[in-house]
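Every number in this text was worked out from the coordinates using simple rules, so none of it is lab data. From a predicted model like this one, the values you see are computed outputs, not experimental measurements. Please note: Cβ atoms are built from the backbone with ideal geometry, for glycine as well, and neighbour counts cover all protein chains shown.
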């Protein structure tokens, strides 16, 4: 009978990525980074559930020619004893990873048929990506039926590959159709069963090569499925049948155990001479190396691309403008620094901020979702671009300035509070940055003096004449001279048929419009709030025959709508308009004198330079068979920069559309009484992405 062989087990653990056993060269700077294959065996923890001689001295014999009743030439039998002082009689499982010419050995099936079932488990002590498992036989045949398994937690194990003595047993034992010939794979996470490596020959030094990467569809640029399939911390080999040349059946054929030559059953066992584990740390394409930490005995990635963590699985502090992404062999994905204008070291990524284009990146574009935290120098905001309450950034001062925020100087007597206008983008009612919000009767940047029509700071009592309704240079002296549409001894009320007394109105009050059924009116304190839901907006031509739905923000409700010029050119004429939904239509008489406010920004085509552009804005109102429009306002904007456009709804700002004829008050109020369409046209000489 030919000689037997033991079992050598080698787990080649590699980062996959379609390189075979050789490390792929770095093709160019833009490719992802992947560390070299490491030998992990010497640092793994290895265990087994059975070892030869652990219960006392035990004889074992190699599988060689033997004839019962005849003397054995060159006897091949030895003793194994785990408690022996002779190292050659001890065969612990650690021999499989010490790199020496020793081996681990299981009990022979003479000790019981249950020793067909032996398990070896390796704990790599952290998660790696496995590419190859190479099993080499030592002084026993290769195992017949066995399963290679993986786990992340040593609790749930999943199969990598099944092995069976015959193709039929793939179906009967594992319920998997056999893969004939050399193993091949149709899917990235396919688990196959093969009999290719379970043949009885060779009896010694047989090898089993299992590739978890090569031959799979995404081997060159691994898919998420392949990366998940190859990730493991625990690797388990569940041996289920020793190759015995059917000697175990010979034992059952004998009714009297004394008739069985004991040397026959001592030949059949598993043995592992060496286990080599070659592997790659999981650094997600962001590290060239992952050396072993001598203190923790773990490998730690030397991260690049502004990534951090043991596995480079997160962006470093201050680099969260874009979400973390794994690199691939072909593409590197860097973590981008947040733009905190030098006022914060940390930030986080907010998907909602990114969707609404609220975060300014380091290139001056509103792309990404970085939100700065712990802003210094009294700054605040997504990019530390504004100031905390009680401070303001003066006009012309950049957020990059070392100390951009200055304290507000609000007079405690005349101010509503100690919070002033914080910066140019947050001006209110024409107030400049640093201006405080004054109580009635007070004025000035700091609200530290009496308003027109008031006297006697710090009490600021009303003068004899109204400051809003009189034309007196000093309303506190002389007889009161009222504005054209104002009356009363102190010029404090509108004349009949007029309303809305305002200091900036040179006539004092606006004329009522009551559709000819009355000439009596009074000021209304009803106001329109901000309509944030942008649902229902669409693009159209002036005739209204074309209707194109824009792209909406994913948030609920949508905060903005946008359309690319490419889409518009395909579906719309050269001139097209944003058309407002029903909430803006109908009787809007109470909006007279108010404001229509909207925010616009634009993107630019890839071939264009990132330079400032001029946008022309026009608003058209239609109603009661009239069409009125504003003159075109020009706005100078950088790409992605936002502009808040506020249009006062006053007749003097409108003309009959297509002419230079001014709109009368009657015509203006007639349109507001029954608004049919609100159209906004934003023109731009080159292609753009319009966001509204």
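The table below gives the values:
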| quantity | calculated |
| --- | --- |
| Extension reserve of the residue 660-residue 551 stretch, reckoned as 0.36 nm per residue once the Cα distance is removed | 35.7 nm |
| Contour excess over end-to-end distance, with Cα ends at residue 177 and residue 55 and 0.36 nm allotted per residue | 39.9 nm |
| P(r) histogram, all alpha-carbon pairs of the stretch 74-165 included - 5 Å bins from 0, percent | 2, 9, 17, 22, 20, 15, 9, 4, 1, 0 |
| Sites residue 111 and residue 199, calculated FRET efficiency, Cβ-Cβ separation with R0 22 Å, nearest 0.05 | 0.25 |
| Spin-label pair residue 484/residue 431, simplified geometry with 7 Å Cα→Cβ offset, distance in nm | 3.1 |
| Order of 534, 280 under a 10 Å beta carbon neighbour criterion, fewest first | 534, 280 |
| Cβ-Cβ FRET estimate between residue 184 and residue 591, R0 fixed at 60 Å, reported to 0.05 | 0.25 |
| Nitroxide proxy distance, nm - points 7 Å out along Cα→Cβ at residue 403 and residue 417 | 2.6 |
| Computed E for residue 614/residue 302 - FRET, C-beta separation, R0 45 angstrom, nearest 0.05 | 0.35 |
| Full-stretch length increase - residue 650, residue 624 - with 0.36 nm per residue and alpha-carbon distance subtracted | 7.6 nm |
| Inter-label distance for residue 158 and residue 345, nm, one decimal - labels placed 7 Å from Cα along Cα-to-Cβ | 4.0 |
| Exposure proxy order (Cβ contacts within 10 Å, fewest to most) of 651, 641, 351 | 351, 641, 651 |
| Burial ordering of 476, 450, 281, fewest other beta-carbon atoms within 10 Å first | 476, 450, 281 |
